[in-house]
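Here the structure comes first, spelled out in structure tokens, and everything after it is commentary.
The values are calculated or read from the model by the stated rules, or taken from the named source; none is laboratory data. The shown structure was predicted, so the numbers you read here are calculated from the model rather than taken from an experiment. Backbone-built Cβ (ideal geometry, glycine too); neighbour counts: all protein chains shown.
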Amino acid sequence: MRNSIRDGSGVTNVVSILMIIGIVVSLMGMVFATYLPAWGKDVEVQTKVEVMDNIIDLRSNLDTLSVGGDTGASLSAKIRLGSTGGPLFGFGRSSGSLDMDEESGLVTVVDQAGNTYGQGRGTVVYRSNHLYTEDQIISMEMGALIRNEGGVDILKGPPNIVIKRDENTDQTTIFISLFILEGQDVSVSGTQSYMISSTLLSEEGSEYDIAAGTDITITIMTERVLLWTDTLRETAEEQGLVEGAGNDFEISSGTDVLGNPFVSFVIHDLDIMKIRSSVFSLDVY
Amino acid sequence: MATAVMLFALMLSLGSSFLLNYGEVSGKENEMHHLTEIDSSFMRIRNSMLKLTRSEDTSTSIMNRMTLGTPGNPYIGMARSSGEFSMDPDPNHFKMEVVLEDGATDPVLNSVSGSMYYRGNNYYFNDQDYYFEAGGIFINEYDFITRSVMPSVLIQQTQTGWIMEMEAYDLSSSAWTATGIETLALRINMAGSFSNVITPFPGQIISLRVNSPNEQAWAAGFREVLRIQGLVEGVDFSLDEPVDWTDPGDHLEVDLLTPENFQFNVGQMEVSLI
């Protein structure tokens, strides 16, 4: 030790080790300040994409069961609520919640005399809890997939409402697929994955010849009034229907006696209405 | 000082070697997994078409999805693969005709055309192209073509012979192409369907003529499917293969020599992007 101090080599070693520690610390600082947030963002974006895929699979399962009409048949879809984060310090860890409510999202199809042709109800809502990116809310109401990010609603999957106008006969037909989601109201949250099992309990299709002068009204209880208004308007206008009193259809919105918002779509001079009502049991496990 | 610098260099080289090797292996694994998913997506689309055809449902639609690329890995800067998914209604690219060969006029009784394809653009694993033709799924990897699944063909043995039933999907609606890495939401619906039962007279042959870039896989698939269900090549059926598999002017011909009847079920499908 005494020799080392005398010839100066020990001092050199200490200085070089200090320099290496300095380099390592500055590298770590750069990684923490720049890369980890970027990685965290990337992990969250991937989680968002996967959740959307999962909910598309859920809708696909409901469509498939409804079309097949195999009562008692089940299909399962995975849903990932969040991410446990990446391997480095768990960056990108995010959680989410899933709520199923069998009473919300009521849809009714009636005429002006008060005759009810069909009803649908039940919503599935996913809410993310992200740190680096904007949170998203994905809702499935009346089969429609709606993503809300930054307060803006985007339709990711249209509802099963099809309007067809025959150019030759001028006959207008509307097809409506109504989903009734039953099962216990469920609310789960966390970072893990769950399975949603969809079982078709019953399926019934009806076709109605609509008498002249009968107005058919579809009322949708929803918080997303603007998006539903635009969607229904586009669906009708794509077939050449004209909006306005005395024309082919009217759209209005408002709130019921309890203050719940709704959108009302009235179609005049309809010739044929086909309604399929599918009752599902959704179980989360 | 020298020891410290050497240690530091060793750490750096070990770190970069790990990143390079792990990135390669992980990237390859991701891409292989993604290709399996593409195959599954086509299978789900086919299943949706089958549901709509069986229930003769022209009103509603079934939602599906197709993911074009891989997500990559943010920690090691792994490249993301992309892909191209197209709807190609052109009958010059795929067509299957059912022809009644009677030695004279050979009338075409029915046909389906149009196809969908996915072309992968991978960085780590081999590129693969997937074709969906009439309900069959075919894979092309560096011009080696194989089948994932053939269109549904069912042979039923009867006391006096055999009958054949085939499901096929026509995709002759609009054309579109999507490229990128994201997930596409798709809407599958049926414009119409028809079913023909053809009962040949003695001396008549029912011939299935396939014009496709994947004729080799079609030939191998038909041979296997028909043999597995108890038919004998040269007795019950025969294959007339094109001289040049790559010649779009030449076609594969599968002759059904002795069926009592042949039922051809066709769904005229529409696949659209949401």
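What the table below lists for this structure:
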{"quantity": "Qualifying residues in segment B:1-54 (those that are basic (Lys, Arg) and out of contact with any Phe, Trp or Tyr (no Cβ under 6 Å at 6 or more places or on another chain)) - the one nearest to B:Leu171 (Cα to Cα)", "calculated": "B:Arg46"}
{"quantity": "Complete set of residues in segment A:28-47 that are at pLDDT below 85 and either within 12 Å of chain B (Cβ to nearest Cβ) or in contact with a Cys (Cβ under 8 Å, 6 or more places away or on another chain) (or both)", "calculated": "A:Val31, A:Tyr35, A:Leu36, A:Pro37, A:Ala38, A:Trp39, A:Gly40, A:Lys41, A:Asp42, A:Val43"}
{"quantity": "Residue under evaluation B:Gln156, criteria (1) more than 21 Å from B:Thr70 (Cα to Cα); (2) polar (S, T, N, Q); (3) crowded, with 18+ Cβ neighbours inside 10 Å, criterion not met", "calculated": "(3)"}
{"quantity": "Segment B:229-265, subset outside any loop (DSSP other than H, G, I, E, B) and free of Cβ contacts under 8 Å to residues at least 24 places away in the same chain, residue farthest from B:Ser212 (Cα to Cα)", "calculated": "B:Glu233"}
{"quantity": "Scope segment A:53-81; condition farther than 16 Å from B:Arg44 by Cβ and facing chain B (nearest Cβ under 10 Å); matching residues", "calculated": "A:Gly69, A:Asp70"}
{"quantity": "Count - residues of segment A:142-156 that are away from chain B (no Cβ under 11 Å) and on the phi > 0 side of the Ramachandran plot", "calculated": "3"}
{"quantity": "Counted residues, segment B:150-176 - those being part of a strand (DSSP E or B) and within 21 Å of B:Ser207 (Cα to Cα)", "calculated": "14"}
{"quantity": "Only listed residue being over 19 Å from A:Asp269 (Cβ atoms), touching a residue at least 40 places away in the same chain (Cβ under 8 Å) and surrounded by fewer than 16 Cβ atoms within 10 Å (Cβ to Cβ), chosen from A:Glu234, A:Glu204", "calculated": "A:Glu204"}
{"quantity": "Residues of segment B:62-81 satisfying the condition of being assigned to a loop (DSSP other than H, G, I, E, B) and either hydrophobic (A, V, I, L, M, F, W, C) or in contact (Cβ under 8 Å) with a residue 24 or more places away in the chain (or both)", "calculated": "B:Leu68, B:Gly69, B:Thr70, B:Pro71, B:Gly72, B:Asn73, B:Ile76, B:Gly77, B:Met78, B:Ala79, B:Arg80, B:Ser81"}
{"quantity": "Tally of residues being of a type in the set (D, E, K, R) and within 26 Å of B:Pro202 (Cα to Cα) across segment B:225-274", "calculated": "8"}
{"quantity": "Selection count, segment B:32-50, where residues are over 17 Å from B:Ser82 (Cβ atoms) and either small (Gly, Ala, Ser) or not in a helix (DSSP H, G or I) (or both)", "calculated": "2"}
{"quantity": "Lone qualifier among B:Glu24, B:Glu56, B:Glu84, B:Glu29 - being surrounded by fewer than 20 Cβ atoms within 10 Å (Cβ to Cβ), in a strand (DSSP E or B) and more than 9 Å from every other protein chain (Cβ to nearest Cβ)", "calculated": "B:Glu84"}
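For (1) outside any strand (DSSP E or B); (2) among the basic types (Lys, Arg); (3) more than 23 Å from the chain's Cα centre (by Cα), each residue gets a yes or a no:
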| position | (1), (2), (3) |
| --- | --- |
| A:Asp153 | no, no, no |
| A:Lys156 | no, yes, no |
| A:Val162 | no, no, no |
| A:Asn168 | yes, no, yes |
| A:Ser177 | no, no, no |
| A:Gln184 | yes, no, no |
| A:Ser189 | no, no, no |
| A:Met195 | no, no, no |
| A:Tyr208 | no, no, yes |
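Every residue, every condition in (1) in contact with a Pro (Cβ under 7 Å, 6 or more places away or on another chain); (2) farther than 28 Å from A:Glu103 by Cβ; (3) outside any loop (DSSP other than H, G, I, E, B); (4) within 14 Å of another protein chain (Cβ to nearest Cβ), yes or no:
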site	(1), (2), (3), (4)
A:Ile218	no, no, yes, no
A:Glu223	yes, no, no, no
A:Asp230	no, no, yes, no
A:Asn247	no, yes, no, no
A:Ile251	no, no, yes, no
A:Met273	no, no, yes, yes
A:Ser281	no, no, yes, no
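The rows are residues; the columns are (1) under 30 Å from A:Val31 (Cα atoms); (2) surrounded by fewer than 19 Cβ atoms within 10 Å (Cβ to Cβ); (3) hydrophobic (A, V, I, L, M, F, W, C).
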{"site": "A:Met100", "(1), (2), (3)": "no, no, yes"}
{"site": "A:Gly118", "(1), (2), (3)": "no, no, no"}
{"site": "A:Tyr132", "(1), (2), (3)": "yes, yes, no"}
{"site": "A:Ile137", "(1), (2), (3)": "no, yes, yes"}
{"site": "A:Met142", "(1), (2), (3)": "no, no, yes"}
{"site": "A:Gly157", "(1), (2), (3)": "no, no, no"}
{"site": "A:Ile161", "(1), (2), (3)": "no, no, yes"}
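Residue by residue, here is whether (1) at pLDDT 95 or above; (2) surrounded by fewer than 20 Cβ atoms within 10 Å (Cβ to Cβ); (3) among the aliphatic types (A, V, I, L, M) holds:
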| position | (1), (2), (3) |
| --- | --- |
| B:Ile206 | no, no, yes |
| B:Val210 | yes, no, yes |
| B:Leu226 | no, no, yes |
| B:Gln229 | no, yes, no |
| B:Pro242 | no, yes, no |
| B:Asp250 | no, yes, no |
| B:Leu256 | no, no, yes |
| B:Asn261 | no, yes, no |
